[in-house]
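Read through the structure below, which is laid out as structure tokens, and then see the notes.
The values are calculated or read from the model by the stated rules, or taken from the named source; none is laboratory data. Small disclaimer: the values here were computed from a predicted structure and weren't measured. Here the Cβ is made from the backbone with ideal geometry for all residues, glycine too, and neighbour counts use every protein chain on show.
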Amino acid sequence: MKDLSVLYQSQYKKAKETLDILEKQKAQIDFNLQSNPICSILHKELRTINLDIKITANELEHAESAIIKHNFLMQDK
């Protein structure tokens, strides 16, 4: 059971790091859109990055939930 806890914590850490990177990329795209608001390439990149952020946030939430569930189950033993 301890291996699962380590696995979920590792997934959580990786998802958090990825989310931080994606947020920085989104901020850069938003900044670039201020100077070129009609650029279709930037809008496509923004849609893609927003989707990646949602997916990563879901992964983060799933890992966090699994950690909580695992810790709860370990308390019962």
- request: Kindly provide the set of residues from the range 23-59 that are in a loop (DSSP other than H, G, I, E, B) and either of a type in the set (K, R) or surrounded by 14 or more Cβ atoms within 10 Å (Cβ to Cβ) (or both), ordered by number.
  value: C39
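Name the residue that is nearest to D20 (Cα to Cα), counting only residues in the range 62-77 that are small (G, A, S) and in contact (Cβ under 8 Å) with a residue 24 or more places away in the chain. Steps first, please.
From the range 62-77, those small (G, A, S) are 63, 65-66; that's our starting set.
Going one step further and asking which of them are in contact (Cβ under 8 Å) with a residue 24 or more places away in the chain, we end up with 63, 66.
Details: A63: 16, A66: 21 Å.
Here the answer is A63.
Quick check on the range 21-77: of everything there that is small (G, A, S) and more than 22 Å from Y8 (Cα to Cα), which residue is farthest from the chain's Cα centre (by Cα)?
Start the filter on the range 21-77 by keeping residues that are small (G, A, S), which leaves 27, 35, 40, 57, 63, 65-66.
Now drop any that are not more than 22 Å from Y8 (Cα to Cα), which leaves 27, 35, 40.
Numbers: A27: 15, S35: 27, S40: 25 Å.
The qualifying residue farthest from the chain's Cα centre (by Cα) is S35.
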field: Among residues of the range 44-61, those that are among the charged types (D, E, K, R) and in contact (Cβ under 8 Å) with a residue 40 or more places away in the chain, counted
entry: 1
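Yes or no: the range 2-14 includes at least one residue that is modelled with pLDDT of 95 or more and either touching a Phe, Trp or Tyr at 6+ places or on another chain (Cβ under 6 Å) or not in a loop (DSSP other than H, G, I, E, B) (or both). If you could, list the steps in order and put the result at the bottom.
Filtering the range 2-14 for residues modelled with pLDDT of 95 or more gives 13-14.
If we keep only those that are either touching a Phe, Trp or Tyr at 6+ places or on another chain (Cβ under 6 Å) or not in a loop (DSSP other than H, G, I, E, B) (or both) as well, we get 13-14.
Yes, there is a match, as at least one residue in the range 2-14 is modelled with pLDDT of 95 or more and either touching a Phe, Trp or Tyr at 6+ places or on another chain (Cβ under 6 Å) or not in a loop (DSSP other than H, G, I, E, B) (or both).
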